[in-house]
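Asks: Pasting a structure here, questions to come.
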There are 2 protein chains.
Amino acid sequence: MAATTAGPGTALASWRDGPAKDAIIDFVANAEAGPVEERVAVFDNDGTLWCEKPMPIQLDFILRRFVEMADADPSLRERLPWKAACERDYAWLGKLMEEHYAGDDTNVRVLAGGILAAYDGMSVEEFEARSDRFLRDTRHPTLGRGYLECVYAPMLELLDHLSANHFSNYIVSGGGRDFMRPISQEVYGIPLQRVIGSSAALGYASDDRGGTITHKAELDYLDDGPEKPVRIWSRTGRRPLLAAGNSNGDVPMLDFTQHEDKPSLRLLVLHDDQEREFAYTGGAEQALERAAAEGWTVVSVKDDWVTVF
Amino acid sequence: MAATTAGPGTALASWRDGPAKDAIIDFVANAEAGPVEERVAVFDNDGTLWCEKPMPIQLDFILRRFVEMADADPSLRERLPWKAACERDYAWLGKLMEEHYAGDDTNVRVLAGGILAAYDGMSVEEFEARSDRFLRDTRHPTLGRGYLECVYAPMLELLDHLSANHFSNYIVSGGGRDFMRPISQEVYGIPLQRVIGSSAALGYASDDRGGTITHKAELDYLDDGPEKPVRIWSRTGRRPLLAAGNSNGDVPMLDFTQHEDKPSLRLLVLHDDQEREFAYTGGAEQALERAAAEGWTVVSVKDDWVTVF
């Protein structure tokens, strides 16, 4: 059976002819021989499906919440991380990321404490309504477009091509599961039950209207690094056939996506297009080394994509 | 649009005419007006979809593993819970359950410690292969049939009727998620990604063949009581339209399944047929009280089911 609809040439119109496009077309054609239920494809979100610079979209959402909290309680204006949010101190956030890559998570913990406090006691419905509103109404700071238009067009075509060939696509993000769910179907064609991501611990309290689930001020799990394969297995019960990522935190998930007896494809998005998007390899050093050593398919934004957005 | 295939009369042939069957038919007919993606139905497993007496099927699996462990390390024969398994001391297990219902979990913790030790370091593939083999090869101790034939025929018809009407059925069990996954599609028509259940914490270790996920000697979560709504939300992102259970541990899940503006159905299976199955209400006292107070639909094995298996 040939790969379905409209032929891969048309389906992947924003992909330039070259090794990355060839690898995708070959993989999907080979996967046709296997059972439909095994066709599981997993995608990191930030930097893989949508833009993560100058800062991850969810961080913008969180910083705005910090400002809102400090407006309600001015004493927070003098404390980190609220202070950095109120003063738009992006240098503090930049330093935090540099320290993190260098192995020092002191300020990451300061930020994480603020994030957990930010939604403590909030119902999951309220959280999703806030996320939904933010994502629809907020513009990217430099790209001149709304956040929901910061999705990579070639990756959307890849998701469509996989769906047309009976793959189940999952988001496997280090970002918040419940942050992405309100828009995942509309933007990616991925139903909310196929969004895997980090989550706060949740608690259930009964009442006479069916009970309420609320965020607690503690992490359930951070879906990054070696936790990604664990969460993929826990949710899907399978080892995927395709994985796409862009950073060191995706290495275990890419590693996990291999089979002795089935086709598999590992894609690593390389951000090398300062003109149309951003050029950076910070946080992707080991992933790029592994890609070179193992023959994973590197997707160059500059060379492989006709259009970015 | 009328409820699909073959008409509910034929679809629910093992259900006697009466209020339970009427409630199911009415609910499915009313749900037709709502969006397909909201049609989520959740089912407890032990005592709701298959027989849980004289002991939960997974407990038999675990006791056999204890004996295997004691064969490999005879010093375990003198220690609980291995001692009880080796000596077939079902009185100890019965007492443990009575103490549990009375609020004393001392021996539950002794058993839980044994269970966590029993699979410590075992790969998820090995665990599933063992579960698969056990479920296919083992006979129920008193019913004169294999464990996989201890599924309730009327509940299978209900699952089929819901699937035919575009519901997504999920198992939401206090038992082990990975214990049920190998047989969920074949036995219930429920794909493994829709099995929600308790799980040990899992760890990922990389290697040159795609890495291995193994069980750790600690619990990730016990999917029972107030944890059931939390895990339903985490997996599906929705509040279900239908929930079916049979015990106190299902009350929060049944409670959670209500809507101001959508149809919903709560089913509670009442085991009142000593002749064809078992008659018991131990562990279901609060659930039965709530059903009476809230008008949940009680399903009597004796009165509502033409056939049980």
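Asks: What residue, among those in the stretch B:287-300 that are aliphatic (A, V, I, L, M) and touching a residue at least 40 places away in the same chain (Cβ under 8 Å), is nearest to B:ASP273 (Cα to Cα)?
Replies: Only one residue tops the list, namely B:VAL299.
Asks: Sticking with this one: Checking the condition modelled with pLDDT of 95 or more and in a loop (DSSP other than H, G, I, E, B), which residue from B:HIS166, B:HIS161, B:HIS215 passes?
Replies: The match here is B:HIS166.
Asks: Within the stretch B:195-224, restricting attention to residues that are in contact (Cβ under 8 Å) with a residue 40 or more places away in the chain and open to solvent by 30 Å² or more (accessible area, probe 1.4 Å), which residue is nearest to B:ASN246 (Cα to Cα)?
Replies: B:ASP224
Asks: Now for a different question. Taking the stretch B:293-309, which residues are assigned to a loop (DSSP other than H, G, I, E, B) and open to solvent by 40 Å² or more (accessible area, probe 1.4 Å)?
Replies: B:GLY295, B:VAL306, B:THR307, B:PHE309
Asks: Out of curiosity, is A:ALA117 touching a residue at least 24 places away in the same chain (Cβ under 8 Å), more than 13 Å from chain B (Cβ to nearest Cβ) and over 30 Å from A:ARG276 (Cβ atoms)?
Replies: Yes, satisfied.
Asks: Please state which of the following conditions B:ALA129 fails to meet, knowing it meets all the rest: (1) in contact (Cβ under 8 Å) with a residue 60 or more places away in the chain; (2) part of a helix (DSSP H, G or I); (3) not aromatic (Phe, Trp, Tyr).
Replies: All conditions are met except number (1).
Asks: Could I ask something else about it? When you look at A:ASP60, is it under 22 Å from the mean Cα position of the chain (by Cα) and exposed (fewer than 14 other Cβ atoms within 10 Å of the Cβ), yes or no?
Replies: no
So that you can scan it fast, the table gives a plain yes or no per residue for (1) part of a helix (DSSP H, G or I); (2) more than 30 Å from B:GLN193 (Cβ to Cβ):
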site	(1), (2)
A:ASP220	no, no
A:PRO229	yes, no
A:ARG235	yes, no
A:ARG238	no, no
A:GLU260	no, no
A:PRO263	no, no
A:VAL269	no, no
A:ARG276	no, yes
A:ALA291	yes, no
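Asks: Within the stretch A:175-194, can you find the residues that are in contact (Cβ under 8 Å) with a residue 24 or more places away in the chain, open to solvent by less than 30 Å² (accessible area, probe 1.4 Å) and within 18 Å of A:PHE127 (Cα to Cα)?
Replies: A:GLY175, A:GLY176, A:ARG177, A:ASP178, A:PHE179, A:MET180, A:ARG181, A:ILE183
Asks: Among the candidates A:TYR101, A:TYR152, single out the residue that is among the aromatic types (Phe, Trp, Tyr) and at pLDDT 95 or above.
Replies: None of the other options fit; the residue is A:TYR152.
Asks: Could you list all residues from the stretch A:274-287 that are touching a strand residue (DSSP E or B) at 6+ places or on another chain (Cβ under 7 Å) and either among the small types (Gly, Ala, Ser) or open to solvent by 10 Å² or more (accessible area, probe 1.4 Å) (or both)?
Replies: A:PHE278, A:ALA279, A:TYR280, A:ALA287
Asks: Restricting attention to the stretch B:164-209, which residues are more than 12 Å from every other protein chain (Cβ to nearest Cβ) and more than 21 Å from the chain's Cα centre (by Cα)?
Replies: Correct list: B:ALA164, B:ASN165, B:HIS166.
Asks: Just the residues that are surrounded by fewer than 17 Cβ atoms within 10 Å (Cβ to Cβ) and not in a loop (DSSP other than H, G, I, E, B), please, taken from the stretch A:132-147.
Replies: Across the stretch A:132-147, the qualifying residues are A:ASP132, A:ARG133, A:ARG136, A:ASP137, A:ARG139, A:GLY146.
Asks: With respect to A:THR212, is the statement that it is within 11 Å of chain B (Cβ to nearest Cβ), touching a Phe, Trp or Tyr at 6+ places or on another chain (Cβ under 8 Å), over 24 Å from A:ALA31 (Cα atoms) and not hydrophobic (A, V, I, L, M, F, W, C) true?
Replies: In short, yes.
Asks: Just to verify a result, which residue in the stretch B:225-270, among those that are surrounded by 23 or more Cβ atoms within 10 Å (Cβ to Cβ) and away from every other protein chain (no Cβ under 14 Å), is farthest from A:LEU202 (Cα to Cα)?
Replies: Looking at the filtered set, the residue picked out is B:VAL269.
Asks: I'm told B:VAL110 meets every condition in (1) in contact with a Lys or Arg (Cβ under 6 Å, 6 or more places away or on another chain); (2) within 28 Å of B:GLN286 (Cα to Cα) except one. Can you identify the failing condition by its number?
Replies: (1)
The values are calculated or read from the model by the stated rules, or taken from the named source; none is laboratory data. Just so we're clear, the structure is a prediction, and the values are computed from it rather than from any experiment. As a convention, Cβ positions derive from the backbone with ideal geometry for all residues, glycine included, and neighbour counts pool all protein chains shown. To get the accessible areas, we keep the full protein, side chains included, count just its heavy atoms, and leave off ligands, DNA and RNA. Shrake-Rupley method; radii C 1.70, N 1.55, O 1.52, S 1.80 Å.
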